[in-house]
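Nothing in this text is a laboratory measurement; each read-out follows from the coordinates by a stated rule. As the structure is a prediction and not an experimental result, all values here were calculated from the model. Cβ placement follows ideal geometry from the backbone for every residue including glycine, while neighbour counts extend to all protein chains displayed.
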2 protein chains.
Amino acid sequence: PVIIMTDTLLQGLSTVAGEPVAAAGGATFHAVNPATGERLDPEYREIGDADLDRACRAAGEAGVSYRESSGSQRAALLRAIAGEIEALGETLVDRYVAETGLPRARAEGERARTCGQLRLFADLVEAGDWADIRIDRADPNRAPIPRPDTRMMLRPVGPVAVFGPANFPLAFTVAGGDTASALAAGCPVVVKAHPSHPGTSELVGRAIDTAVRRCGLPAGVFSLVHGQGRRVGAALVRHPAIRAVGFTGSKAGGRELQALCAARPEPIPFFGELSSINPICLLPEALAARPETIAAGLHGSLTLGVGQFCTNPGLVLYVPGAGADAFVDALLERLRETPPGVMLNRAIRRAYAEGLARVGGVRGVETLLAASEDCGPGGCHATPALFRADAEVFRRERVLHEEVFGPASLLVVCRDIGDMVETLLALEGQLTATVHAQPDELAAHRDLLAAMEQRAGRLVLDGFPTGVEVSASIVHGGPWPATTDVRFTSVGTAAVYRWVRPVCFQDFPQALLPEALRDRNPGHVARLVDGRRCTGDV
Amino acid sequence: PVIIMTDTLLQGLSTVAGEPVAAAGGATFHAVNPATGERLDPEYREIGDADLDRACRAAGEAGVSYRESSGSQRAALLRAIAGEIEALGETLVDRYVAETGLPRARAEGERARTCGQLRLFADLVEAGDWADIRIDRADPNRAPIPRPDTRMMLRPVGPVAVFGPANFPLAFTVAGGDTASALAAGCPVVVKAHPSHPGTSELVGRAIDTAVRRCGLPAGVFSLVHGQGRRVGAALVRHPAIRAVGFTGSKAGGRELQALCAARPEPIPFFGELSSINPICLLPEALAARPETIAAGLHGSLTLGVGQFCTNPGLVLYVPGAGADAFVDALLERLRETPPGVMLNRAIRRAYAEGLARVGGVRGVETLLAASEDCGPGGCHATPALFRADAEVFRRERVLHEEVFGPASLLVVCRDIGDMVETLLALEGQLTATVHAQPDELAAHRDLLAAMEQRAGRLVLDGFPTGVEVSASIVHGGPWPATTDVRFTSVGTAAVYRWVRPVCFQDFPQALLPEALRDRNPGHVARLVDGRRCTGDV
């Protein structure tokens, strides 16, 4: 069952260390075009246990030499992957659009973001400063005992298993942020493709395989495995060669995989991004001054990508007063005029409907705008929804704190700013918290700012949470369940720190040290030597 | 029940935010002098649930303002604590010796280490570079959308619960590495005192309370709670105000607390240091060249502190050949001549005896030296033990991989270096891995080095694992169960990274940013601005 897509054959097979696996028995599935309901060829076949074992072992073996690769070698790989993805051209965009129902412009934008992200990590590892190198030289004369020579740097944890979500077929999956940061760190990667876009995944996987080969690296550095149910994912995170897991997806799925990681004979780090409703606080003066502007910005953020973003603003807190009615009216008008969008798959569309019913069914919640029940030809069309409740009701009804994935938001009416602060503090952990305020207005409410920081990883002033920058200074993480470990980010260059561990070499001769820890520092990497930061030789 | 110790009153009470709690009902316990079996006054009373709740809430409230403290303010606190500990003088040393059976020189050395550690963290936070500050300025002209101003730094996670072990009454407990690094990070601390040395803990706790008061910080920054069973510890890690946990102790205890952290409505980071047997590999040429020297060094490391160190060398791998017999004979002779030492408490002495029985009872294990069964007047005296087994037996019998806490080691006879590598790779995660080699000998065995790195956080050449430096470049951590998260160290300045999280401020005006993120950089902190490291203003 092979289908020709322009000049590229999709085979429907997992690849282990650069080679497609034989299509043995096992379950099969198809991608479906959510706009039309049309089944997309080819048929995809779940990877078998033996082949999955081979992928993980190959990653473990490749990891021993890939660990010693230089920053330039890793940078070359990351850039080659970006180049190969771009070389897929329209084939990739066509398949992306067919599998997701998202517009071409989004596909192109996400491709640019993905390739930019790969090149950002390439720059990072080429420069080398990220590895937190520390050298304390020996002091044979120290009393009461001589001081040894100790040298530490961040080294790769080993093979990483990556699980991407449905909503970012490029930037968060096969060659997305988890893979890019893991490869940058020196870790081989085994990606479990999302069954919602297996063709996009196969194309990108092939681009990575080509890049790995072109760079002369061991093929085990990358494998791509397909599976629809839980078996493949569970076996992957349990495999002894896998040393860390990156996951973006649902709370339930994430909790399950995390528990498997914790129950291994040797537990390993699990980083999951699970859920966020991204509160937006509208302070009274701002609301009075620019109700329509805020409504327009919120509408754009809420409906972008049919609301299918982890930073989608699902919660808006305000105090009734001047501008409040104008804001709500303007928002409602824009939402009513929003044409139906195509959600990523039927499971997501179904979950959206269930979420809306859950919220709308809570006593004390007012439905300001109900979503259309018409799901269109593919069963995936959806329109926005808007609800309103008092802060007290919201705080009491925990079901309202759960993410509704899609273009829906809940307006929460607070008695005053104190009530708003109390509501923020009652939230689960969030990726973002936003506030709109007039100049000087926020300075009078430091407790609101403190609450925002306590509950979220990124604080936004006068903006909207969607449209996450990919940069050195971005944070995409937060207290549970935004992410499973508040100490890391999954976007931006700091995402590399999820996949590294400090290793100390005590009294080693130059030749046996990793190159970056030797006295000579030809790349002028910033290192901490005897307590002083320097870029020269030791 | 108050006892006068020189000029200091021990009260036997927990302190919550600087105030001793009223001695309500609840269980009580005494410290015991392990050298004599003598019960030590005063009676200690377990903290009640309501007081524990107060301690955690006070930490949560203090955390809001302590989070905003400057590096100099935190440095002043850490230095004040060191000064107050030193001011306790002989009172502290006397109580330490009475509660542990350890010699005065050890007490004094550990005090110096503890105070040095506090001052090291003071220097770290005063300099400020550790906080990984990143600033990317706005670009209103960027296409297709303007770039926002984003600024990120590492900020405290919030209140940390600290559980110290029996074997480091100063350096790993009340004012030890976990507390020092958490306070440096900007986190309040609630310490659960180890019931084996409650008096030492009370004295140090009082020193911290005095320092907090002297520095004008909120008293909730530190609380010290007593408890003997599981109730207090379990309630502590479950409390919603606690945001991270540091634990040094047993595998069983650590697993239990970690599971409680994971089962919270909002799971939090748990860092535990649980177990390590610290393999030492003796390569043939080194063994042939200096068998007696290695034996002497190993003996010193193995019996230091009656073997009660987490880096105690419990496993020695070698290949039979020239020097092997001389090494074993020399080691045995030194061990036989070692006088009995006093272990920390009866539970540890009992566990030592059980561990020896467990190892000695394995078929294929030869007991080269049995420990004396005489436990002395306090029930805590112990002598060293030495065992030997083939690598094959060792790899098969997982019970031999378990730590025996005390002055016991197992010699593992390997067929060749390949057998040694296989044995290393079969180990659980370790804090350290050591190799003795002649110059150039190790270069021929890169696979051994790779295996050491795979299994341990600190690699030592021609030395011994005990005597952990406290420095910028040290690593005291490793794959599970050495520590529960391989990505961190619990000793050295990098230990601070366990208690911080990245937070990003997007489009914030100067006045609302944390001081360290503002344009002005009066402390000349190294920051990454628009991709370039610089120490000036923005």
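Summary of computed values
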quantity: For region A:465-475, 3J(HN,Hα) per residue [Karplus equation, 6.51 cos²θ - 1.76 cosθ + 1.60, θ = phi - 60°, Hz, x = Gly/Pro]; calculated: x, 5, x, 6, 5, 10, 7, 6, 9, 7, 10
quantity: Nearest 10 degrees, 0 to 90: helix A:71-87 Cα axis against chain A principal axis; calculated: 50 degrees
quantity: Using θ = phi - 60° and Karplus 6.51 cos²θ - 1.76 cosθ + 1.60, couplings along region B:267-278 (whole Hz; Gly, Pro as x); calculated: x, 10, x, 10, 10, x, 10, 10, 5, 6, 10, 6
quantity: Hz values of 3J(HN,Hα) by residue in region A:397-403 - Karplus curve (6.51, -1.76, 1.60), Gly and Pro given as x; calculated: 8, 5, 4, 6, 8, 7, 5
quantity: Rel. contact order, % - alpha carbon contacts under 8 angstrom, at least six apart, region A:353-442; calculated: 25 percent
quantity: Hits among lysines - C-alpha to C-alpha of residue A:192 under 30 Å, sequence gap 8 or more where chains match; calculated: A:251
quantity: Between 0 and 90°, nearest 10: helix A:89-100 axis offset from chain A longest Cα axis; calculated: 50 degrees
quantity: Charge dipole magnitude, Cβ of K and R +1, D and E -1 - region A:100-218, Cα centre, debye nearest 20; calculated: 120 debye
quantity: Inter-copy spacing of residue B:137 label points, which lie 7 Å from Cα along Cα→Cβ, given in nm from shortest upward; calculated: 3.8
quantity: Proxy reagent accessibility, fewest Cβ within 10 Å first, across A:343, B:452, B:153; calculated: B:153, B:452, A:343
quantity: Relative contact order for chain B, counting Cα pairs under 8 Å that sit 6 or more residues apart, in percent; calculated: 17 percent
quantity: Residue-count net charge about residue B:39 - beta-carbon cut-off 13 Å; Lys, Arg +1, Asp, Glu -1; calculated: -3
quantity: Inter-copy spacing of residue B:510 label points, which lie 7 Å from Cα along Cα→Cβ, given in nm from shortest upward; calculated: 4.8
quantity: Interchain or long-range residues, amide H under 5 Å from residue A:244's placed H; calculated: A:161
quantity: Radius ratio Rg over Rh of the protein assembly as shown, counting only Cα atoms, Kirkwood formula for Rh; calculated: 0.98
quantity: Residues A:471, B:409 arranged by fewest to most Cβ contacts within 10 Å; calculated: A:471, B:409
quantity: Nearest beta-carbon to the B/A symmetry axis - residue in chain B, distance in Å; calculated: B:262, 3
quantity: Cβ-placed point charges (K, R +1; D, E -1), dipole of chain A about Cα centre in debye, nearest 20; calculated: 1400 debye
quantity: Shape category assigned to chain B from the gyration tensor of Cα positions, a/c cut at 1.5; calculated: oblate
quantity: Label distances, nm, residue A:377 versus same residue in remaining copies, Cβ-directed 7 Å point; calculated: 9.5
quantity: For region B:395-470 and region B:191-263, distance of Cα centres in Å; calculated: 33 Å
quantity: Angle in degrees between helix B:251-263 and the longest Cα principal axis of chain B, rounded to the nearest 10; calculated: 30 degrees
quantity: Relative contact order (%) - region A:1-129, alpha-carbon pairs under 8 angstrom, separation at least six; calculated: 25 percent
quantity: Positive-pole candidate from A:369, B:199, B:165, dipole of the protein assembly as shown, charges at beta carbon; calculated: A:369
